[in-house]
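A short worksheet on the structure shown next.
Bear in mind that the values in this text are calculations on the coordinates, not laboratory data. Since the model is a prediction, treat every value here as computed from it, not as a measurement. Ideal geometry is used to build each Cβ from the backbone, glycine not excepted, and the neighbour counts take in all protein chains shown.
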Amino acid sequence: MAYVPLADQDSEMEMHHPHSWVTKYVWSQDHKVIAIQYGGIAIAVGVVALILSLLMRMQLGFPETFDLIDPSSYYQSVTMHGMIMVVYMLTALLLGGFGNYLIPLMCGARDMVFPFLNMLSVWVYALSVIILMSSFFVSGGPTGAGWTLYPPQTTMAGTPGHDMGIVLMLLSLAVFIVAFTMGGLNYVTTVLQYRCRGLTMMRLPLTVWGIFIATILGLFAFPALLVSAIMMLFDILLGTSFFMPAVIESGTPLDHNGGSPILFQHLFWFFGHPEVYIVALPAFGLVSDVLSTHARKNIFGYRMMVWAIIAIGGLSFVVWAHHMYVSGMHPYFGFFFATTTLIIAVPTALKVYNWVLTLWEGDIRLNAPMYFAIGFIFTFIHGGLTGLFLGNVVIDLPLSDTYFVVAHFHMVMGVSPVLVIFAALYHWYPKVTGRMFHEGMAKAHFWITFLGTYAIYLPMHYLGFLGVPRRYYAMGSTDFIPESAQDLNAAITIAALIVGAAQILFFINIFWSLRNGKPSGPNPWGSASLEWQTPDTPPKHGNWGDELPTVYRWAYDYSVPGAHEDFIPQNVPESEEPTADEQHFDPDHDASKADA
Amino acid sequence: MSLIKTLTEKPWERKGVIGGLNPEGAFESPPERVALGFFLTIASVIFSMFGVSYVIRMSLPDWEPLAEPSQLWLNTGLLAISSILFQWARNIANAGKQKNLMTAFIGGGVFALLFIAGQMVIWENLQATGFYVASNPANSFFYLLTGLHIAHLLGGLWVWSKSSIRLISGSKPEDVRLSIELCTLYWHFLLIVWLVIFAILSNT
């Protein structure tokens, strides 16, 4: 039998019910607790990465004033900041955090398909973070090779953390991939097999589509990173030469011979580029739902949005070498990857148009989640357009390894997903806690973050055009960079410190509101999707009480003409819709079984 | 499910309960088998990545082909027998019978253990004759690919051991039928992967 509603499996649910504090909050198999564990660890490790970035900015902005980090710890900060933010913060928070919380609720399920595997996933993820963090405390410190970990420089003396640091990084990544695979199998199987009665794939909110496709990307892309990590560990620990060429270190030839560093780059970026979309697609989904709910309009072009998510997911596997233009490649190869890179802009632009058209003539409610969601549209367009520059070989070559690149990827996959994460955290906070956050504090948080990030990254484009190279501890004196560039650097640092400090507002808000926020009620935004229709807020273990919901419509019935409210929840049958002009009637529908 | 039909549905037009207890788009399989399908795809990607790396690395000038030991043929036979025994166990369980089930299922795992032992013997012999892991990239890949394949088998043996304990402790065939089926699928997959690895190693 293909599908058995979990509600019919009483013994199963009884088995999973927590019986002690430890099984409820530590070794919990409840997807909601696991989501909060994932989110908590990801945000904590993200704060570490944020602090590292501020240390770097202090050095860059005021190189003679502060003596916080030396060149080695600067490179270590660059590396750890990048890797933590991309993998351990964004990926874990968007898929492990939001995926875990929202998939079962939006699918009308009681939990993930494999709750035990889900629990293992979060604790193996915690283990990967512990391994990574332990590299701060070993001899030589963490690796300073840059988050791309390119050999041979990664493993050679002169690169900080070339001994234990890089080993711990690779080990941690391998453990993370195991954790992700356990979680990912759960997400895809739950979406496919555990949707409730009536919930077709095309009735799923775009959040679920984004997370679903991103998970598939992750399941297919992370193996490339795993393979390269294993081979590099072999090179370091067993002396093989998969990637290591014949090389002389401090006048002494090393034992390696004939390896291919370019092979590593191909493997790394075969993972690395889909990774951008592993982060972006869930963010696209989340922001679509936030925009639609607060604009009181159905998402514009739902089918196109789904197709675009799938198209972007597919195309993301054939663009990887645009990260390697300066590594040298056959011109036709460069032409191919430039073309695919520009093609992927088409479905991406389509999504942007649809977000804007969702806002068009909407009954927009400008509350904090909406601020962040609209802010995302700005930063994403901005970062996307600079991506068109860098996707072209001839423009990429002079701009490669300059601050233009730093500005581009921070706008498109740093600031943009983070704005969506804040939008989503504020949007779903009432469901998770049963309380409202402080609106004024959240809006102050938005304005400082949004304007601050522009103050940080807009000038970086200009620095890039000047040719200021990235990953330099100090510039020294050069002919082509005017002294005034340093003033810009100082201004960027001040903006970064302000934005960094402003994040305290977010933490104060979410912790203060836990006790002092107004009770939110079950559905404060008037949202149509299923997670807002739970009998309890916050949802209890098992989510749905005695009976699973039945779905009668898609997740975007907002401002339906004739309806007495401006939204109709997914689990409301047509018979209970007080509409005069409803065109569609389903003769199979049995209203007596409705559980609105 | 028809993918195109699913993706071209207009959800704003269709109202009411669609699909009954089986929501459209769900596979007609237990979730465990769907998850295993995804896992096998992931494992295929991993092995393919190593395969691509092998081909690229092989084209570089320092590559010295390794003369594969003939014992690999014997080991391949052991793994094939293991796979056949699992299939036999699956057939018995699907028919709802008990006779020979334990012999077939446990025998399948034992032959997989023999295969692993055989691979270890090859490693020992290679080491003894000076073919170390770092001596040449061909050697490195030999150890890496065979090791990775063994690692996957060990994962399968962990599930096999749990199911075997259930069988020995008196579980009915229908209670372990799914486990047996999934183990069988996994073993067939690993046999195919091994045959591909063996073919690549032998011909390069």
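Starting from the 7 Å offset along Cα-to-Cβ, what nm value, one decimal, do you get for the label separation of A:Val352 and A:Arg365?
Between A:Val352 and A:Arg365, the simple spin-label model gives 2.9 nm.
Are there chymotrypsin sites (Phe, Trp or Tyr not before Pro) in the stretch A:318-419 that DSSP marks as loop and that have at most 13 other Cβ atoms within 10 Å, and which are they?
Working: sites: A:Trp320, A:Tyr325, A:Tyr332, A:Phe333, A:Phe335, A:Phe336, A:Phe337, A:Tyr353, A:Trp355, A:Trp360, A:Tyr371, A:Phe372, A:Phe376, A:Phe378, A:Phe380, A:Phe389, A:Tyr403, A:Phe404, A:Phe409; in loops: A:Trp360.
Filter output for the stretch A:318-419: A:Trp360.
Going by average Cβ neighbours within 10 Å, how do the peptides A:184-190, A:529-535 rank, with the highest at the top?
Working: A:184-190: 26.4, A:529-535: 22.4.
Top to bottom by mean Cβ count within 10 Å: A:184-190, A:529-535.
Quick query: amide H of A:Thr402 versus all other amide H atoms, modeled in the peptide plane; which residues come in under 5 Å with a sequence gap of 5 or more or a different chain?
Amide H to amide H, under 5 Å and 5 or more residues apart or across chains, A:Thr402 pairs with A:Arg470.
Taking 0.36 nm per intervening residue step and subtracting the Cα-Cα distance, what contour gain separates A:Ile343 from A:Asp401 on full extension?
So the extension gain works out to 18.5 nm.
Taking amide H positions as placed 1.01 Å from N in the peptide plane, with prolines and chain starts having none, which residues 5 or more places from A:Thr550, or on another chain, fall under 5 Å of its amide H?
A:Asp595
From the phi angles alone, apply the Karplus equation (6.51, -1.76, 1.60; θ = phi - 60°) to the stretch B:115-132 and give each ³J(HN,Hα) in whole Hz, x where the residue is Gly or Pro.
Those phi angles translate into 4, 4, 4, x, 5, 4, 4, 4, 4, 4, 5, 5, 4, 5, 9, x, 8, 7 Hz.
With a 10 Å radius around each residue's Cβ, average the other Cβ atoms per peptide and rank A:198-208, A:113-123, highest first. Working shown, then result.
Numbers: A:198-208: 26.2, A:113-123: 21.1.
So the order, starting with the most tightly packed, is A:198-208, A:113-123.
Mind checking the angle between helix A:439-466 and chain A's longest principal axis? C-alpha axes, 0 to 90 degrees, to the nearest 10.
So the helix axis and the longest Cα principal axis differ by about 30 degrees.
Angle check, please: helix B:71-94 long axis (alpha carbons) against the longest principal axis of chain B (alpha carbons), in degrees 0 to 90, nearest 10.
20
Let's see if you can work this out: charge +1 on each Lys and Arg Cβ, -1 on each Asp and Glu Cβ, no other charges. What is the dipole magnitude of the stretch A:244-359 about its Cα centre, in debye to the nearest 20? Write out the running numbers ahead of the final one.
Numbers: 4 positive and 4 negative charges, 148 e Å.
In total the dipole reaches around 720 debye.
In nm, to one decimal, how far is the A:Met475 label point from the A:Val22 one, both placed 7 Å along Cα→Cβ?
5.7
If you average 1/r over all unlike Cα pairs in chain B and invert the result, what Kirkwood radius do you get in angstrom?
Details: mean 1/r = 0.0512 Å⁻¹.
Value: 19.5 Å, from the Cα pair sum.
Collect residues whose amide H, placed 1.01 Å from N in the peptide plane, falls under 5 Å from the amide H of A:Glu249; neighbours closer than 5 in sequence don't count.
Correct list: A:Leu254.
So for chain A, averaging the separation of alpha carbon pairs under 8 Å that are six or more residues apart and normalising by length, what relative contact order in percent results? The partial results should precede the final answer.
Working: 993 pairs, mean separation 88.7, N = 596.
Relative CO of chain A lands at 15 percent.
Trypsin sites (Lys or Arg not before Pro), restricted to the stretch B:44-144: which are DSSP loop and have at most 12 other Cβ atoms within 10 Å?
Working: sites: B:Arg57, B:Arg90, B:Lys97, B:Lys99; in loops: B:Lys97, B:Lys99.
Hits after loop and neighbour filter: B:Lys97, B:Lys99.
Note the angle between two axes, namely the Cα long axis of helix A:115-134 and the longest principal axis of the Cα atoms of chain A, as a number of degrees from 0 to 90, rounded to the nearest 10.
Helix A:115-134 sits at roughly 20 degrees to that axis.
Please tell me the relative contact order of the stretch A:185-281 in percent, rounded to the nearest whole number, where contacts are Cα pairs under 8 Å and at least six residues apart. All intermediate terms of the calculation are to be shown ahead of the outcome.
Working: 90 pairs, mean separation 28.6, N = 97.
Once normalised by length, the contact order is 30 percent.
Write out the trypsin sites (Lys or Arg not before Pro) in the stretch A:504-580 meeting two conditions: DSSP loop, and at most 13 other Cβ atoms within 10 Å of their Cβ.
On the way: sites: A:Arg515, A:Lys540, A:Arg553; in loops: A:Lys540, A:Arg553.
Those satisfying the criteria are A:Lys540.
So between A:Leu388 and A:Phe137, what do we pick up on full extension, going 0.36 nm a residue minus the alpha carbon distance? Walk me through the numbers before you get to the answer.
On the way: separation 251, 0.36 × 251 = 90.36 nm, distance 4.09 nm.
Contour length minus Cα-Cα distance gives 86.3 nm.
Quick check on chain A: helices-only [θ] at 222 nm, where DSSP H runs of length 4 and up contribute -39,500 (n - 2.57) each and the sum goes over total residues. Nearest 500, please.
-19500 deg cm²/dmol
Name the residue farthest towards the positive end of the dipole of the protein assembly as shown from the options A:Ala49, B:Leu113, B:Leu36, assuming +1 on Cβ of Lys and Arg, -1 on Cβ of Asp and Glu, about the Cα centre.
B:Leu113
Given a cut-off of 37 Å, what percent of all Cα-Cα pairs of the protein assembly as shown lie beyond it? Provide the component values of the computation, followed by the final result.
On the way: 146802 of 319600 pairs.
In whole percent, the share of Cα-Cα pairs in the protein assembly as shown beyond 37 Å is 46.
Find the relative contact order for the stretch B:31-203 and round it to a whole percent, using C-alpha pairs within less than 8 Å whose residues are 6+ positions apart.
31
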